[in-house]
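Written below as structure tokens is the structure these notes are about.
The values are calculated or read from the model by the stated rules, or taken from the named source; none is laboratory data. The structure presented is a predicted model; accordingly, all values stated were derived computationally and were not measured. FYI the Cβ positions are ideal-geometry reconstructions off the backbone, even for glycines, and counts take in every protein chain you see. Ligands, DNA and RNA are excluded from the accessible area calculation, which covers all protein heavy atoms including side chains. Shrake-Rupley method; radii C 1.70, N 1.55, O 1.52, S 1.80 Å.
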Amino acid sequence: MSLIREVNFDGIVGPTHHYAGLSFGNVASANNAGSQSNPRAAALQGLEKMRALHALGVEQAVLPPQERPDLATLRRLGFSGREGDLLARVAAQAPALLSACSSASSMWCANAATVAPSSDTDDARVHLTPANLHDRFHRAIEPPTTTRVLRAIFSDTARFVVHEPLPAHAATADEGAANHTRLAANHTASGVHLFVYGRDDADAQAPQPQRFPARHTRAASEAVARLHRLDPARCVFAQQHPAAIDAGVFHHDVIGVGNESLLLLHEDALLDQERVLAELQHAAGDWLQIVEVSRDELSIAEAVSSYLFNSQLVTRPDGQMVLVLPQECSQSDAVCMLLDRILAEHNPVSDLMFVEVRESMRNGGGPACLRLRVPLSIEELGTLHQGVRYTPALGERLGGWVRRHYRDRLSEADLADPALLQESRDALDELSQLLGLGNIYPFQLV
């Protein structure tokens, strides 16, 4: 079998990055609603994280932001007229809709899709299913462009399958890789897939969260596993603990992270967790190491506020793992004590890296939210669209592009500014050329 490497596809933060508290159940998003954002700083922080990961020897690539404001959606909702007049009308009559249709949430690529590598699928192709993100309106408008972009990047149909998103229905609500973890002895070996869901509509007796919504369904996870042609014996389905959801754990990647042979999670992450972990261990075998963090070591509230588990767990070329953490983790005594314990124990984590992604964190997304993990063989890596592969030279060009086009402050009132719409389109038009992706945006396709 050809050597497989994990590629981290990071989302580039879009020009309309703002704080609107759109994501009910995401505590950080709600707490910072109405604050002034800095789109330029947000995008540059994301690029700096990519640079740092690339310097570690981790293969990096980029996914472009989406066109915002999404005027096509606003027109479908009954608003009409010239673009400037339309924006003014929406801002006056339905400001929440304008905010939702201007969200830069596609930056959080962990929700872009779910991925299965060719080593795990029975047709030996890489499978990607774009998430329908049905639960949140501002995210549910993303899948058409996400699908178009993924098909432009993974265009070799002999090696890649980019499926249509699941039907946009409550029964098949899909939040993507934020609720999926692939574990394997190494990236090349056959893996075991942990699918985490918030609710099972077929089980009326299953407990449900009372405060915040359970976004992802078991039916969606099962459908993705079938579409990806995975071995059922190597798939484990687990329900998020309702109490964790009510504490702000809107996706599993806020309470657990895994990479190759290591799974790190909070003891209150999953319902009936002891049984689930035993099933996972049985499916995997002796190579899987599970590290549970007790509630006495770290409360769920502290896990959510620090985003410890929304760290990236990555493997360096020397085989050692690095935990890439948001800077906020260094400010928590409880988290620091836990990290000392993890480093001292016998496990693959040998080093820590703290990164500054404050603009993303204030909107409810840490380092892991910003990337989609795609394990690829050397041959597959060579056949994807090369323009999105990160190099230091591309990083420099992207940094210059951000500085030319992005504002350094943005409030919700600015979203009605026709100049912002034009600035964003100019930026995206240049970016699609810089990355060599062709016409991927609605304004380019008319």
Exercise. Can you tell me which residue in region 21-42 is least open to solvent (accessible area, probe 1.4 Å), limited to those that are among the hydrophobic types (A, V, I, L, M, F, W, C) and modelled with pLDDT under 80?
Worked result: Ala28
Exercise. Do we find a residue being farther than 30 Å from Ser2 by Cβ and within 18 Å of the chain's Cα centre (by Cα) anywhere in region 110-130?
Worked result: no
Problem set entry | Pick from region 43-58, criterion open to solvent by 20 Å² or more (accessible area, probe 1.4 Å) and touching a strand residue (DSSP E or B) at 6+ places or on another chain (Cβ under 7 Å), ranking: nearest to Ser360 (Cα to Cα) | His54
Exercise. Residue check, Arg182 against (1) in contact (Cβ under 8 Å) with a residue 60 or more places away in the chain; (2) open to solvent by less than 30 Å² (accessible area, probe 1.4 Å), all met but one. Which one?
Worked result: (2)
Problem set entry | Ser377 being among the hydroxyl-bearing types (Ser, Thr, Tyr) and either open to solvent by 20 Å² or more (accessible area, probe 1.4 Å) or without any contact (Cβ under 8 Å) to a residue 40 or more places away in the chain (or both) | no
Seminar exercise, completed: Out of (1) outside any strand (DSSP E or B); (2) over 21 Å from Ala113 (Cβ atoms), the one Ile440 does not meet is (2)
Exercise. If a residue has to be closer than 28 Å to Gly191 by Cβ and among the basic types (Lys, Arg) to count, how many in region 286-304 make the cut?
Worked result: 0
For this session: Report, by residue number, each residue of region 401-446 that is of a type in the set (Val, Ile, Thr) and touching a residue at least 12 places away in the same chain (Cβ under 8 Å).
Result: Val402, Ile440
Seminar exercise, completed: Note on region 105-153: residues open to solvent by 10 Å² or more (accessible area, probe 1.4 Å), of a type outside the set (D, E, K, R) and in a loop (DSSP other than H, G, I, E, B) are Trp108, Ala112, Ser118, Ser119, Ala124, His134, Ile141
Exercise. What are the residue pairs meeting all of these: first residue in region 357-374, first residue in contact (Cβ under 8 Å) with a residue 60 or more places away in the chain and open to solvent by less than 10 Å² (accessible area, probe 1.4 Å), second residue of a type in the set (Phe, Trp, Tyr) and in a strand (DSSP E or B), Cβ atoms under 7 Å, and 6 or more apart or on different chains?
Worked result: Leu372/Phe9; Val374/Phe9
Seminar exercise, completed: Residues of region 287-332 being in contact with a strand residue (DSSP E or B) (Cβ under 7 Å, 6 or more places away or on another chain) and on the phi > 0 side of the Ramachandran plot, in sequence order, are Tyr307
For this session: Report whether or not Ala177 is closer than 19 Å to Val257 by Cα and part of a helix (DSSP H, G or I).
Result: yes
Exercise. Under 8 Å by Cβ, and 6 or more places apart or on different chains, what pairs join a residue from region 256-270 that is farther than 9 Å from His241 by Cβ with one that is among the aromatic types (Phe, Trp, Tyr) and open to solvent by 10 Å² or more (accessible area, probe 1.4 Å)?
Worked result: Ser261/Trp287
For this session: Could you grab me the full set of residues in region 157-210 that are β-branched (Val, Ile, Thr), more than 24 Å from Met107 (Cα to Cα) and touching a Gly at 6+ places or on another chain (Cβ under 9 Å)?
Result: Val192
Exercise. Looking at Ser311, is it closer than 25 Å to Glu292 by Cα, open to solvent by less than 10 Å² (accessible area, probe 1.4 Å) and among the small types (Gly, Ala, Ser)?
Worked result: yes
